[in-house]
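Trainee: Let me give you the structure first, and then I'll get to my questions.
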Amino acid sequence: MSKAKLLLVTGGSRGIGAACARAAGREGYRVIVNYVSDEKAAQNVVTDIQKAGGEAEAIKADVGQENEILRLFETIAKKFGPITHLVNNAGIIGRAGTLVAADPATIRKVIDLNVTGAILVAREAIKQMLPVNGGKGGAIVNLSSMAASLGAPGEYTWYAASKGAIDSLTVGLAREVAKEGIRVNAVSPGLIETDIHAAGGQPDRLERLAHLTPIGRAGSADEVAAAILWLLSDHASYVTGANIRVSGGR
């Protein structure tokens, strides 16, 4: 890979992560597509970027596990040098339902990945971006959700709570590292056309709820990616600690 901007997209094999990776490739970023299980999907994203003239590579790692996170960043540093940009995207929701009926193991898994994993990924990214470590600053975009504001009652209250943690992380971390030349922002997608709804046992969720948005439709992963790419870019050079709602007004 060349010496252009180096972006890591966690959970980059599908949905919003894949859309970000493809868009970033078109914008000239070198892209690391992180995935946990679907190697074929990750390689498809890499191939799409390469066919469009970009540079990309897929790296497998479970970013819900600290040892896997450390290995991921060590691999990146050895092969490509320090990352300059991060889309902290990997996340799960678990099966839809009420909190009282939720499996504690599911809640634990969601928190381990969506909260602890995201915090540790941000920590390792910042280590590589810090000037004291030879980095040149950078930009991080965390994936939150409108669920953090709406609560997801009767569906995914534990997931909503995990994304509330991401909102707090974004504000605190942005203020902590601003003087190091590192910007930290978030996006909060609303009803977006991805397979996360089917994974939660509600393949018809968008159909049922899209009319509740003022715009009157669900959004696309590409629309979310466009907001993320803006936050990563120098066009957002005076933006840190922000959380952009990509939700059709909901």
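All of the numbers you see were taken from the coordinates with simple rules; none came from a lab. The shown structure was predicted, so the numbers you read here are calculated from the model rather than taken from an experiment. Cβ: placed from backbone, ideal geometry, glycine included. Neighbour counts: every protein chain shown.
Trainee: Is there a residue in the stretch 66-88 that is within 23 Å of P189 (Cβ to Cβ), of a type in the set (D, E, K, R) and part of a helix (DSSP H, G or I)?
Mentor: Scanning the stretch 66-88 turns up no residue that is within 23 Å of P189 (Cβ to Cβ), of a type in the set (D, E, K, R) and part of a helix (DSSP H, G or I).
Trainee: Restricting to the stretch 32-43, give me the number of residues that are within 17 Å of N89 (Cβ to Cβ) and part of a helix (DSSP H, G or I).
Mentor: Qualifying residue count, the stretch 32-43: 2.
Trainee: Does any residue in the stretch 40-51 that is closer than 11 Å to A18 by Cβ come within less than 7 Å, Cβ to Cβ, of a residue that is charged (D, E, K, R) and buried (at least 16 other Cβ atoms within 10 Å of the Cβ) six or more places away or on a different chain, and which pairs are these?
Mentor: From the stretch 40-51, the pairs are A41/R14; V45/R22; V46/E57; D48/R22; I49/R22.
Trainee: Output the residues belonging to the stretch 224-250 that are surrounded by fewer than 17 Cβ atoms within 10 Å (Cβ to Cβ), hydrophobic (A, V, I, L, M, F, W, C) and outside any loop (DSSP other than H, G, I, E, B).
Mentor: A226, W230
Trainee: For the stretch 3-20, what are the residues that are free of Cβ contacts under 8 Å to residues at least 60 places away in the same chain and either under 16 Å from the mean Cα position of the chain (by Cα) or in a strand (DSSP E or B) (or both)?
Mentor: Passing the criteria: only S13.
Trainee: Taking interchain pairs and intrachain pairs at least six residues apart, which have beta carbon atoms under 7 angstrom, with the first residue in the stretch 58-85 and in contact (Cβ under 8 Å) with a residue 60 or more places away in the chain and the second aliphatic (A, V, I, L, M) and loosely packed, with under 15 Cβ neighbours inside 10 Å?
Mentor: Short answer, once both residue conditions are applied: F80/M1.
Trainee: Here's a follow-up. Take the residues in the stretch 122-148 that are among the β-branched types (V, I, T) and within 12 Å of I83 (Cα to Cα); name whichever of them is surrounded by the fewest Cβ atoms within 10 Å (Cβ to Cβ).
Mentor: Going through the qualifying residues, I end up with I126.
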